[in-house]
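Novice: First the structure, then my questions, so here it is.
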Amino acid sequence: LQDSGVDLVSAASKLAATSEFPDLSATILESIRERYFDLVSKNNVQFAAPTRSVIELRGALDPRWESIAIEHIAHGLPPIENASPVAARPRPDQRLNIVIPGRIQAGKGQKLLLAALDELTQVAHITLLGTGKNGEAFFGSNGVNVITEYPRSGLADTLREIGPDMAILLSVVPETFSYTLSEMWAMGIPVMATRLGSFAERITDGQTGWLVDPEPAAITERLAMLSQSRDQITQVRSALTHVVESTPEQMLKAYEALCPVGTPLQVGASGASDLWQVQASSSAWLESAAQAALRRTEQALDSAHKEIKGRTNWALDTEKALAEEQQRRIEWVASLEKEQERLSSIIREQLLSLDEYGRQFDQLRKDFDQLQETHDQVLASSSWRITRPFRVARRTARNFMHSRAWNPLRWPLLVSGLVRNLATTGLRGTLMRMQYQGYQAPKAEHAVMVPEEIGDPSPPTRIACADRPLVSIIIPVFNQWVYTAACLRSLAEARCYTRFEVIVVDDASSDGSHEHLKQVEGVKTIRNEHNAGFIDSCNRGAEQARGDYIVLLNNDTRVTDGWLDALVNTFRELPKAGLVGSKLVYPDGRLQECGGIVFSDGYGWNFGRGDQPDNPQYEFTRDADYCSGASIMVDAGLFKELGGLDTHYRPAYYEDTDLAFRVRAAGRRVLVQPRSVVIHYEGITSGTDTDRGIKQHQVSNREKFLERWQTALADQPDRIEDPGNNALVRKARDHHLQGRVLIIDATTPEPDQDSGSLRLINIMRCFVDLGYGVSFFAENHAHSGRYTRELQLLGVETWYEPWLESNHDFLRRHGPEFSLVMVSRHYVASNFLSMIRKHCPDAAFVFDTVDLHYLREKRLAELEDSATLKAVARQTRRSELSVIEDSDAVLVVSPAEVEVLAEDAPGAEVHVLSNVHEVPGQRRGFDERSDLFFVGGYQHPPNIDAMVWFVGSIWPLIHAQMPEVCFHLIGSKAPEAVRELKGDGVFFHGFVEDLDQYLDGCRLAVAPLRYGAGVKGKVNMSMAHGQPVVATPVAIEGTHAEHDKDVLVAESEQDFADQVVRLYRDKELWNQLSRNGVENVKNHFSLDAARHSIEDLLNKLGLA
């Protein structure tokens, strides 16, 4: 262009060579802009832009552009050598393979990438392609490869080597076109880009690529979603084959149409009077540009000096780092070779063991097949069929006696139960219940411990100690090698899943122990130059310990299967644990100690000494005054913080008792764990005579202990002279408790089977947390296998046969211990009320309704319109209200039941103690879930009715609208009517041990109960996991939940189906119900809420 003799093209060329716009003053830039528009307005100038976003941007910068026509002509992509679609290469680690092409600089998203990098590399491996020098900042980043430069002719081959699933373009300023996007599409690579400039115009989100906001969270969230839904990437990759891009020829043709060749642009000349203004403006412009160029040259020179210095330092640092890294790698390779050799040895031994186990398995399989054959023959025999009536009669008679059916006072209750069973389970189900209800599961037998005869001096060849141990086992040794060898053999042979190391401290033994220990691979040995005693030896071993926990183990012990796992699990389950001791038994099987009692005069007792170790009072986790140092585990950090065993008690005795008191003074708990069983030969090193030898320090150290802990001992019980006075001994054992609570139910709670059991266990947990001891027995006196053991691990003293044969005898012996007795269910409570009043004179009697049975039965009778069931409900009402009348307090699970009892039993002290749940919250979002589910125990008739109704009448309406959705039916003890509910998207799973896959994987739960009472645990449980629920009014009774806020509520079949479909498809509604449901359970059904309710109950009863 020329204007009155001023060559603007030449001026612009000079400016480009000497200046950049940022260095020009605002006045000069404004004069350029105004002169530009002046020329445009006076001449027939044609404009073109590569995208419409550029046209829109110009209009936003200056409104005058809106009146100027601009032609949209897309850029044409020059051919790429060897271009063809690039196939994705799956990675072995299942992460996405991502390429980010182009320069890494501020406008291209450098800061955005740095902010998102850590989360991106969790789901993707990233290759930065053609970054330029700025890519060096990403050298060494985990999960990132950097290619700073590449020739354009090699682009296709480079991308094929990478094999990306997709590309990401992270510009944070609007792109005018992006040739990079065109190149990726030309190679068939899907692209995710920021929603700016031309990207938003060229990419159709979800069809030809993906658009995200230029925020780290938006990028990582979208990429994580694509990682889980890779079929979307495949669909976009397929769609790119239909995307047509402009070619250079097409672009040139469009420009020729806009500005035909051979038609020179005629620019009108300005008047001569304007020439001096143009020249002056140009002169000022050139002068400013020259000054700017000078400044930039000076800055460039200074920058170059700094760059040279920085590169020199970088080279020196790099050389040093490489040398250090090389040395580390040499050491690492050496350690790997050593570890490989160790593991190879273990594998060889395991293979030998595997062969032996294989032979044993084959023999057991043969034995099993023979037994199975015999079993089948017995079942097929005539005698078995002939004697069946006798077996039925025997089982029925047993339960007849157990239910006290001989007592006429119980006949109304039993008859009403018989009618109810016939109505809900039919004749066959009723006959089965008459035989098997109240069946006692056999008590799990303890393994009979038959320790080897001590005398074999041969140690194990090796003990499989870990390089990174969780536990450090410290064994102080002074002579008595045969006992040490037996102890080490037991460590090598006992089943153990915990990583541990063994540190043996040889306290200057003179019997060759040190030489023998050298033969045991894996054991770390420390030798004292002179005999230092038990305390110093233990402390010296602890200094070398690497584990998170320290175990002090006497050498005259033998450990049993699972002993160490049980100790570690106690620390994991009880965070305040500081010291945990094992249950010690004599070699002949008698109990030596299950925790110790310390009296106010400093003397101590081994609790349970000489008794049978499997007596229930020695089978539950509990607090102890101290635990014998023969086998104790201590938190390693706490042990070191306390300074280890106190040398004030050198050489030995009372150091373990003192340690227990110091642990408790530090705010941690001292516990005994009966699941950790250790055989202790006792007194092998030190003897048992307190008048001579090292044992005499037991007497002198008691005086030291008494002097130090005089204040604390004032709170300990007085010494008991008669060890046979079991009542006083148990009172001394429990002296630290707020009181002891007895809980009785029909059977042992099974928390994975029904919500009532889960509630009861959590109530026990709350009592324990509040400082109460809890005793429990089931009316059937059964040991229920793992369910009983779980209660004992929780800290509940659980009684069962043969230790509990008579309710009267048990309450007569232990009744005075209890400050509160809680009995669940009216048909159980009615059997115990008079006994409890007689034998527990100081105990408050609390009746736990579980739910109001008569209210549930009344609703069933109304639903079925059955006169017989109405009569049964009236009988249950009389029985239940009779128990309520005689109780000191009544527990119900919902405010609705409070209202019922306010009318039916106006004088009763009624408290709400509802379902109790842990609240994990939402762990998966809406898009990560699918399907519906229901869970319930089918020994509960309302659940049977709910599923028959839902699958038969509601599910077809849902399935017709959402045929891709499945319904999962879960629960134990299902009758045939429920087991047959499958097909058309319905799947019956029966009992499922772990519900998390359904609570976190299904989009919603349904609770279509038509009758019942109380609060439904299934509803609470789903809400606690952030899983929305569609329910009937009966199902949400007492949950404090509101329709359209916490849950969706429907009553008719069509409405229920419509609400399910609505919730399943509405993400916003789903998220609202999920959030509110979690908060609802936190506020009303959490462990904290239950503790507050129990505290209120105790206050009302005067027990707080």
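Each reported figure results from applying straightforward, stated rules to the coordinates on display, with no laboratory input. Keep in mind that what you see is a predicted model, and the values were worked out from it rather than measured. FYI the Cβ positions are ideal-geometry reconstructions off the backbone, even for glycines, and counts take in every protein chain you see.
Novice: State, to one decimal in nm, how far the label point of Asp927 lies from the label point of Asn725, with both points 7 Å from Cα in the Cβ direction.
Specialist: 7.2 nm
Novice: In whole Å, how far is the Cα centre of the stretch 184-230 from that of the stretch 746-781?
Specialist: If we compute the Cα centre of each part, the gap is 53 Å.
Novice: Let me ask something else. Report for the chain the percent antiparallel among DSSP-assigned beta bridges with both residues inside it, nearest 5.
Specialist: Values: 22 of 112 bridges.
Among the beta bridges of the chain, antiparallel pairing accounts for roughly 20 percent.
Novice: Given only helices, namely DSSP H runs of n ≥ 4 each adding -39500 (n - 2.57), what is the per-residue ellipticity at 222 nm of the chain, to the nearest 500 deg cm²/dmol?
Specialist: Values: 38 runs with 503 residues, N = 1104.
So the calculated ellipticity at 222 nm is -14500 deg cm²/dmol.
Novice: Considering only DSSP beta bridges where both residues belong to the stretch 926-1085, give the percentage that are antiparallel (nearest 5). Before the final figure, lay out each step's value.
Specialist: Values: 1 of 17 bridges.
Given both bridge residues lie in the stretch 926-1085, the antiparallel proportion sits at roughly 5 percent.
Novice: Another question about this same structure. If I take every Cα pair under 8 Å that is 6 or more residues apart in the chain, average their sequence separation and divide by the length, what percent do I get for the relative contact order? Write down the numbers at each step before the final one.
Specialist: Details: 1834 pairs, mean separation 69.8, N = 1104.
6 percent.
Novice: Could you line up Val850, Val1030, Val900 from fewest to most neighbouring Cβ atoms inside 10 Å? Show your work: numbers first, answer last.
Specialist: Working: Val850 21, Val1030 27, Val900 18.
Neighbour counts put them in this order, fewest first: Val900, Val850, Val1030.
Novice: Another question about this same structure. Using θ = phi - 60° and the Karplus form 6.51 cos²θ - 1.76 cosθ + 1.60, what ³J(HN,Hα) does each residue of the stretch 917-925 get, whole Hz, x for Gly and Pro?
Specialist: Working through the residues one at a time gives 9, 6, 10, x, x, 6, 10, 9, x Hz.
Novice: Follow-up. Note the listed values [x] 48; [y] 41; [z] 30, then indicate which one is percent of Cα pairs over 52 Å apart calculated from this particular structure.
Specialist: It is the one labelled [x].
Novice: So what is the relative contact order of the stretch 926-1085, in percent, for Cα pairs below 8 Å that sit 6 or more residues apart? It would help to have the intermediate numbers written out before the result.
Specialist: Numbers: 280 pairs, mean separation 37.8, N = 160.
Taking the mean separation of contacting Cα pairs over the length of the stretch 926-1085, I get 24 percent.
Novice: Mind checking which of Leu301, Pro90, Asn606 is farthest towards the positive end of the chain's charge dipole, using Cβ charges of +1 (Lys, Arg) and -1 (Asp, Glu) about the Cα centre?
Specialist: Farthest towards the positive end: Asn606.
Novice: Quick one: putting +1 on the C-beta of Lys and Arg, -1 on the C-beta of Asp and Glu, what dipole do you get for the chain around its Cα centre, in Debye to the nearest 20? Let's see the in-between values first.
Specialist: Values: 116 positive and 151 negative charges, 336 e Å.
The dipole magnitude comes to about 1620 debye.
Novice: Compute the separation of the alpha-carbon centres of the stretch 501-537 and the stretch 816-881 and state it in Å as a whole number.
Specialist: Comparing the Cα centres of the stretch 501-537 and the stretch 816-881, I get a distance of 64 Å.
Novice: Could you tell me which of Phe991, Phe1085, His1025 has its Cα farthest along the dipole of the stretch 926-1085 towards the positive end, charges placed at Cβ (Lys, Arg +1; Asp, Glu -1), taken about the Cα centre?
Specialist: Farthest towards the positive pole: Phe1085.
Novice: Given Lys338/Lys524; Lys870/Lys973; Lys1045/Lys1067; Lys108/Lys306; Lys1045/Lys1082, which pairs have Cα atoms separated by over 19 Å?
Specialist: Values: Lys338/Lys524 17 Å; Lys870/Lys973 26 Å; Lys1045/Lys1067 14 Å; Lys108/Lys306 25 Å; Lys1045/Lys1082 15 Å.
Beyond 19 Å between Cα atoms: Lys870/Lys973; Lys108/Lys306.
Novice: Still on this structure, I have one more. Considering just Cα atoms, how many Å³ per residue does the convex hull of the stretch 164-213 enclose? Before the final figure, lay out the partial values.
Specialist: Working: hull volume 3.3 nm³, N = 50.
Hull volume normalised by residue count: 66 Å³.
Novice: Now for a separate question. With +1 on the Cβ of every Lys and Arg and -1 on the Cβ of every Asp and Glu, and nothing else charged, how large is the dipole of the stretch 730-788 about its Cα centre, in debye rounded to the nearest 20? Could the numbers behind the result be given before it?
Specialist: Numbers: 7 positive and 7 negative charges, 80 e Å.
Dipole size: approximately 380 debye.
Novice: Let me ask you something else. Run a plain Debye calculation on the stretch 96-240 (Cα atoms as equal point scatterers, no solvent) and give log10 I(q)/I(0) at q = 0.10, 0.12, 0.19, 0.20 Å⁻¹, rounded to two decimals, same order as the q list.
Specialist: The Debye formula, applied to the Cα set alone, gives -0.29, -0.42, -1.20, -1.36.
Novice: For Glu245 and Phe139 in the same chain, what is the full-extension length gain: residue separation times 0.36 nm, less their Cα-Cα distance, in nm?
Specialist: Working: separation 106, 0.36 × 106 = 38.16 nm, distance 3.50 nm.
Contour length minus the Cα-Cα distance gives 34.7 nm.
Novice: Among Ile233, Gln122, Gly739, whose Cα projects farthest towards the positive end of the dipole of the chain, with charges put on the beta-carbon of Lys, Arg (+1) and Asp, Glu (-1)?
Specialist: Highest projection toward the positive end goes to Gly739.
Novice: Continuing with the same structure: Amide H to amide H under 5 Å from Arg622: which residues, 5+ apart in sequence or cross-chain, H placed 1.01 Å off N in plane?
Specialist: Hits under the 5 Å cutoff: Val672.
Novice: Determine, for Ile1036, Ile944, the number of other Cβ atoms within 10 Å of each Cβ, and report the residues in order from fewest to most. Provide the component values of the computation, followed by the final result.
Specialist: Numbers: Ile1036 25, Ile944 19.
Exposure proxy ranking, most exposed first: Ile944, Ile1036.
Novice: If contacts are Cα pairs under 8 angstrom and at least 6 residues apart, what is the relative contact order of the stretch 739-912 in percent?
Specialist: Working: 279 pairs, mean separation 31.5, N = 174.
Relative CO of the stretch 739-912 lands at 18 percent.
Novice: Where nothing but the Cβ of Lys and Arg (+1) and of Asp and Glu (-1) is charged, how large is the charge dipole of the stretch 78-171 around its Cα centre, in debye to the nearest 20?
Specialist: Values: 9 positive and 9 negative charges, 35 e Å.
Charge dipole, the stretch 78-171, about its Cα centre: 160 debye, nearest 20.
Novice: Determine the gain in length on full extension of the stretch Ser303-Asp369; use 0.36 nm per residue of separation and subtract their C-alpha separation, reporting nm with one decimal. Intermediate results must be reported in sequence, preceding the final value.
Specialist: Working: separation 66, 0.36 × 66 = 23.76 nm, distance 8.59 nm.
Additional length available on full extension: 15.2 nm.
Novice: Could you compute the net charge surrounding Leu470? Neighbours are other residues with a C-beta less than 10 Å from the C-beta of Leu470; K and R count +1, D and E count -1. Display every interim value, and only then the final one.
Specialist: Working: positive: Arg468, Arg499, Arg546; negative: Glu501, Asp548.
Net of charged neighbours comes to +1.
Novice: Using only the alpha carbon atoms of the stretch 850-945, find the Kirkwood hydrodynamic radius as the inverse mean reciprocal pair distance, in angstroms to one decimal.
Specialist: Details: mean 1/r = 0.0621 Å⁻¹.
Across the stretch 850-945, the inverse of the average 1/r is 16.1 Å.
Novice: Here's something else I'd like to know. Could you list Asp548, Asp658 in order of exposure, starting from the residue whose Cβ has the fewest other Cβ atoms within 10 Å?
Specialist: Values: Asp548 15, Asp658 21.
Listed from fewest to most nearby Cβ atoms, that is Asp548, Asp658.
Novice: While we're on this one: Give the percent of DSSP beta bridges with both residues in the stretch 471-727 that are antiparallel, rounded to the nearest 5. It would help to have the intermediate numbers written out before the result.
Specialist: Working: 19 of 43 bridges.
Expressed as a percentage, antiparallel bridges in the stretch 471-727 total about 45.
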